[in-house]
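Q: Just passing along the structure, written as structure tokens.
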Amino acid sequence: MEEAAPEEALAVRRALEMLQINDPVLRVQAAREIRRLTKTSHRCRRHLRQAIAPLVSMLRVNSPEFHEPALLALLNLAVQDEKNKIKIVEAGALEPMISFLKSQNPNLQEYATASLLTLSASPTNKPIISACGAIPLLVNTLRDGSSQAKVDAVMALSNLSTHPDNLSIILETNAMPFIVSLLKTCRKSSKIAEKCSALIESLVGYEEGRTALTSEEGGVLAVVEVLENGTPLSREHAVGALLTMCQSDRCKYREPILREGVIPGLLELTVQGTPKSQPKARTLLQLLRESPYSRPEVEPDTLENIVCDIISQIDGDDQSGKAKKMLAEMVQVSMEQSLRHLQQRALVCTPSDMPITSCTSEVSSK
């Protein structure tokens, strides 16, 4: 283990000693000092690992003045330290933390939500956190918590959703309206939108999730807005969610998706999207056609044909005009790329690379 600087080592030792003394004032002071020491130092998080059990015991004491300092110290100990995350859960911190989600003290609820967000980043902890009943309470926080608590709750739920057994629990809590509400109000290029769209993509893999999204006013539109203005990862999740819906029941979900003006964003993704989002965008464009399977197989679909078919079915001049403009720009980009490709091929076959055949160029040597 990396040695601490003398001053830091002394501060660590003193904090651990104060934590063991049966004096409420000193224990609170120790928790605050541990929080300070571990705020930015990975080394201190390792050296203060033995503080975890005493801090967790402070969460269990029926003395509210203990709770916030101990919670914040544990939160900092868990940041970017997988071993500490697991040890905090093993020490029994989940029960009091989850109870704090129901606290009338908004600060305590906020700190507990942030702590669960950090602990839920550990794959080992995901099933344990859900087994302790955290998911319904996190959804309640997503509905009624402070602005920061809502953000941390949706991120914690996103972390937990990567464990397959947890998705059904999230669905049962009817979380979709609150996820959509947060997505509608946040900046579409933010990390929050990324987590919301990731959650939505996972949830629409189930019929209950698809029904919940389309039943929520502005739900599909919020996903389309992320597809247009989100980060590259958010756009992947957004197009993935819409594609999952259309593939599950094209007749049911084609119109709700088209109605929200998805075509321009999809066209852009086919050209400028990530390697994952480009094929999804093309497949979704095909599914959004009025008759995606009517064209004979011997006549391959071109993107232009697909888009023209879609445009002909869209009501409204603005939507059609915007889509046609995007298509023209896309074709222009495609032509420029083809021209560059031809130029590169031409450069490869320069005269200097051609074989020289001359009967007078041969020189004999002895």
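Q: What FRET efficiency, computed as 1/(1 + (r/R0)^6) with R0 = 35 Å and r the Cβ-Cβ distance, is obtained for residue 165 and residue 63, rounded to the nearest 0.05? Mind dumping the intermediate values first?
A: Working: r = 36 Å, r/R0 = 1.03.
It comes to 0.45.
Q: Out of 190, 214, 200, whose Cα points farthest toward the positive end of the dipole of the range 188-237 (charges: +1 Lys, Arg; -1 Asp, Glu; placed on Cβ)?
A: Farthest towards the positive pole: 190.
Q: So, one more: Can you pull the Kirkwood radius for the range 139-253, inverse mean 1/r over Cα pairs, to one decimal in Å? Write down the numbers at each step before the final one.
A: Numbers: mean 1/r = 0.0732 Å⁻¹.
Kirkwood radius, the range 139-253: 13.7 Å.
Q: At 1.306 mPa s and 10 °C, plugging the Kirkwood radius over alpha-carbon pairs of the range 192-298 into Stokes-Einstein gives what diffusion coefficient in µm²/s? Write out the running numbers ahead of the final one.
A: Values: Rh = 13.6 Å.
The Stokes-Einstein estimate is 117 µm²/s.
Q: Would you be so kind as to identify which of 247, 278, 233 lies farthest towards the positive end of the dipole of the range 225-285, taking Lys and Arg as +1 and Asp and Glu as -1 on Cβ and the Cα centre as origin?
A: 247
Q: Once the mean 1/r over all distinct Cα pairs of the range 19-127 is inverted, what Kirkwood radius in angstroms do you read off? Walk me through the numbers on the way to the answer.
A: Working: mean 1/r = 0.0739 Å⁻¹.
Its Kirkwood hydrodynamic radius stands at 13.5 Å.
Q: Moving on. Run the 1.4 Å probe and let me know the accessible area of residue 165, rounded to the nearest 10 Å².
A: Per-residue accessible area (residue 165): approximately 100 Å².
Q: May I pose another question? Considering all alpha-carbon pairs of the range 204-266, what whole percent are spaced by more than 14 angstrom?
A: Working: 985 of 1953 pairs.
Value for the range 204-266 (Cα pairs over 14 Å): 50 percent.
Q: Something else now. Please report the spacing between the Cα centers of the range 86-161 and the range 38-58 in Å, no decimals.
A: Taking the Cα centre of the range 38-58 as reference, the centre of the range 86-161 is 19 Å away.
Q: For a quick check of your reading of the filter: which GluC sites (Glu not before Pro) in the range 134-230 sit in a DSSP loop and have no more than 16 other Cβ atoms within 10 Å? Show your work: numbers first, answer last.
A: On the way: sites: 172, 194, 201, 207, 208, 216, 217, 225, 228; in loops: 216, 217.
In loop regions of the range 134-230 (DSSP not H, G, I, E or B), the sparsely surrounded GluC sites (Glu not before Pro) are 217.
Q: If you take every residue apart from residue 177 with its C-beta less than 9 Å away from the C-beta of residue 177, what net charge results, scoring Lys and Arg +1 and Asp and Glu -1?
A: Numbers: positive: 143; negative: 216.
Surrounding charge for residue 177 is 0.
Q: Residue 128 label point, 7 Å along Cα→Cβ, cut-off 14 Å on backbone N: hits in the range 25-64?
A: Only 52-53, 56 fall inside the zone, counting backbone N under 14 Å.
Q: Going out from 0 in 5 Å bins, what whole percent of all Cα-Cα distances in the range 64-173 drops into each bin?
A: Calculated over all Cα pairs of the range 64-173, the distribution is 2, 14, 27, 26, 21, 8, 2, 0 percent.
Q: Now a separate question. Using a 1.4 Å probe on the protein heavy atoms only, what accessible surface does residue 40 show? Give it in Å² to the nearest 10.
A: Approximately 120 Å² of residue 40 is accessible to the 1.4 Å probe.
Q: Still on this structure: All other residues with a Cβ under 15 Å from the Cβ of residue 167 taken together, and with Lys, Arg as +1 and Asp, Glu as -1, what is their net charge? Intermediate results must be reported in sequence, preceding the final value.
A: Numbers: positive: 126, 195, 210; negative: 165, 172, 201, 207, 208.
Taking every other residue near residue 167 into account, the sum is -2.
Q: What pairs from 83/184; 126/191; 102/252; 85/195; 252/280; 83/188 go past 29 Å between their alpha carbons?
A: Working: 83/184 36 Å; 126/191 21 Å; 102/252 39 Å; 85/195 21 Å; 252/280 19 Å; 83/188 34 Å.
Result: 83/184; 102/252; 83/188 exceed 29 Å.
The values are calculated or read from the model by the stated rules, or taken from the named source; none is laboratory data. Just so it is clear, the model here is predicted, and its values are computed rather than measured. Glycine gets a Cβ as well: all are built from the backbone with ideal geometry, and neighbour counts include every protein chain shown. All accessible areas refer to the heavy atoms of the entire protein, side chains included, with ligands and DNA or RNA removed. Shrake-Rupley method; radii C 1.70, N 1.55, O 1.52, S 1.80 Å.
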